[in-house]
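What follows is a single structure, written as structure tokens, with notes after it.
The values are calculated or read from the model by the stated rules, or taken from the named source; none is laboratory data. Nothing here was measured: the structure is a model prediction, and the numbers come from that model. FYI the Cβ positions are ideal-geometry reconstructions off the backbone, even for glycines, and counts take in every protein chain you see. Side chains are part of the model used for accessible areas, which takes the heavy atoms of the whole protein and leaves out ligands, DNA and RNA. Shrake-Rupley method; radii C 1.70, N 1.55, O 1.52, S 1.80 Å.
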Amino acid sequence: MKTIIKTLVAAATMVCVASFAQAQSSTTLQDLLQKVKQEGTVQSRVNEQREAEFRKDRSDKQGLLRKAQSELRAEEARGDRLANSFSANEQTLVDKEVELDIATGDLGEMFGVVRQASADAYGRISTSIVSAQYPGRDVFLGEMSKDSKGLPNISELRELWFSLQTEMTASGQVEKFETEVLNLDGGKGMQTVLRIGTFNLIGSQGYLVYDDSNGTVQPLGRQPDGYQVATTQDIFNAAASDGFVPVFVDPSRGAILNLFKQKATMIERYHAGGPVGYTITVMLAIGLLIGLYKFLTLSTIGAKMSKQLKNIDSPNTKNPLGRILSVYQANKAADVESLELKLDEAILRELPSIDRGINIIKIFAAIAPLLGLLGTVLGMIETFQQITLFGTGDPRIMAGSISMALVTTAQGIIAALPLILVHSFVAAKAKSIVHVLDEQTAGFIATSAESEKA
């Protein structure tokens, strides 16, 4: 209030000073007085209005303060009531838990056993191939195995019993059922599936696997050997009256079959040999082709010679024996030494055509194991390079080079064995032809010598 009065006095003083300045330019003192009165009245009204606004704001702020203080006291009282209620509820919960423990008695142990049994059954049934035929069984078991404070009722116990009994019964059955099968190309379709206990699923094309993550049945990524898949088709197409049908079963419930997807095929093992293996294969193919060609030609020559032996007096120049007979008849009148030289010369002319190509087979048979050894050395060099770069933490990094080292050795031996056999057979065939020529030549010489003595 004192501040307001000081403000008014200062304002009046300023007005008086201003009015005095203006009075010098006024014509009369009466005008100056009139102006002072008018300006003082206006200023008084403004000051009164401002003082009224200040008083109103002060009363409003005091009302808000009283309201806030009232709400604070109400909330503090409410907090006290809630704290007392919370303490009372805590004590009630403790009392109820004691009453629950007393009331449950041995049922608490039964609940633990049921929950443990449900957890074990859930882990087994959710991954079982029986779930492909009876889907949705794991949902109930998953809920039962969760940490719950409630006791299982009779219906839940009966459902658990039914799930376990279904799994045990199905483990000894071989049944066919219709289900949706996910093809390897991404398509789906309904197919007839044969279930062998809890071990394997079999379709029209071989073994199937059950993917428990999404509940689908799909073909095995890579089927086992043909003779094993053939047994699956026998039992798939068998009737109930056929009796016992042998079939290969995976006792690990799919674990061994999944390993077949990682097993290398014969083609993959062959390509593991790399360029060295391809070279050995080319040599084997060329050697076998030469062996086949020589076998056919020598067989033809042998047949013609056998026919010529039956007709010695009419030599045929289209076979070696006939050409030698022609030389004998042309030099029949010569002395024994000259005849022998002529016949030896004729035999020497026939030998290149008989023996041509046989030594190539022998060379290929000797080179093939050496190439296999070369592939082994190259594979081991690459293995040590990988060990230097990556260490020995992951053996799969070295698998390729080790495969090359082993496969090329096997390829070299595999190529050498048939080439050696083919060479031996063809060489024996050629030797038998040369033996016939030598035998007949010796006979011709003996006949000529006897003629000279006579």
Whichever residue in region 303-324 is among the small types (Gly, Ala, Ser) and open to solvent by 20 Å² or more (accessible area, probe 1.4 Å) and, among such residues, is nearest to LEU421 (Cα to Cα): ALA303
Given the conditions (1) open to solvent by 20 Å² or more (accessible area, probe 1.4 Å); (2) closer than 27 Å to ILE445 by Cα; (3) at pLDDT 80 or above, which single one is not true for TYR278? (2)
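Restricting attention to region 150-182, which residues are charged (D, E, K, R), under 30 Å from ILE202 (Cα atoms), out of contact with any strand residue (DSSP E or B) (no Cβ under 7 Å at 6 or more places or on another chain) and open to solvent by 70 Å² or more (accessible area, probe 1.4 Å)?
Let us first name the residues in region 150-182 that are charged (D, E, K, R), namely 156, 158-159, 167, 175-176, 178, 180.
Add one more test, that the residue is under 30 Å from ILE202 (Cα atoms), and what stays is 159, 167, 175-176, 178, 180.
Cutting the leftovers down to out of contact with any strand residue (DSSP E or B) (no Cβ under 7 Å at 6 or more places or on another chain) gives us 159, 167.
Passing the criteria: only GLU159.
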Only one of (1) of a type outside the set (A, V, I, L, M); (2) touching a residue at least 12 places away in the same chain (Cβ under 8 Å); (3) in a helix (DSSP H, G or I) fails for TYR278. Which number is that? (2)
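For region 193-251, which residues satisfy the criterion of being over 24 Å from ARG124 (Cα atoms) and of a type in the set (Lys, Arg)? Lay out the reasoning, then the answer.
Filtering region 193-251 down to residues over 24 Å from ARG124 (Cα atoms) leaves 204-206, 222-247.
Result: ARG222, single match.
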Would you say LEU298 is within 30 Å of THR383 (Cα to Cα) and crowded, with 19+ Cβ neighbours inside 10 Å? no
Pick from ARG66, ARG50, ARG81: which is touching a helix residue (DSSP H, G or I) at 6+ places or on another chain (Cβ under 9 Å) and free of Cβ contacts under 8 Å to residues at least 12 places away in the same chain? ARG50
Do we have ILE267 as part of a helix (DSSP H, G or I), surrounded by 12 or more Cβ atoms within 10 Å (Cβ to Cβ) and out of contact with any strand residue (DSSP E or B) (no Cβ under 8 Å at 6 or more places or on another chain) here? no
Flag if ILE129 is in contact (Cβ under 8 Å) with a residue 40 or more places away in the chain and closer than 27 Å to GLY226 by Cα: yes
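Can you tell me how many residues in region 325-341 are open to solvent by 90 Å² or more (accessible area, probe 1.4 Å), farther than 13 Å from ALA449 by Cβ and touching a residue at least 12 places away in the same chain (Cβ under 8 Å)? So that I can check it myself, show each step before the final result.
Within region 325-341, the subset open to solvent by 90 Å² or more (accessible area, probe 1.4 Å) is 332-333, 337, 341.
Keeping just the survivors that are farther than 13 Å from ALA449 by Cβ gives 333, 341.
If we keep only those that are touching a residue at least 12 places away in the same chain (Cβ under 8 Å) too, we end up with none.
Qualifying residue count, region 325-341: 0.
Each row is one residue, and each column tells you yes or no for (1) at pLDDT below 75; (2) in contact with a Gly (Cβ under 7 Å, 6 or more places away or on another chain); (3) assigned to a helix (DSSP H, G or I).
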| residue | (1), (2), (3) |
| --- | --- |
| ASP344 | no, no, yes |
| ALA366 | no, no, yes |
| GLY372 | no, yes, yes |
| GLY379 | no, no, yes |
| ILE397 | yes, no, yes |
| LEU406 | no, no, yes |
| GLY443 | no, no, yes |
Give GLN233, GLN218 a once-over and let me know the one that is open to solvent by less than 60 Å² (accessible area, probe 1.4 Å) and in a strand (DSSP E or B). GLN218
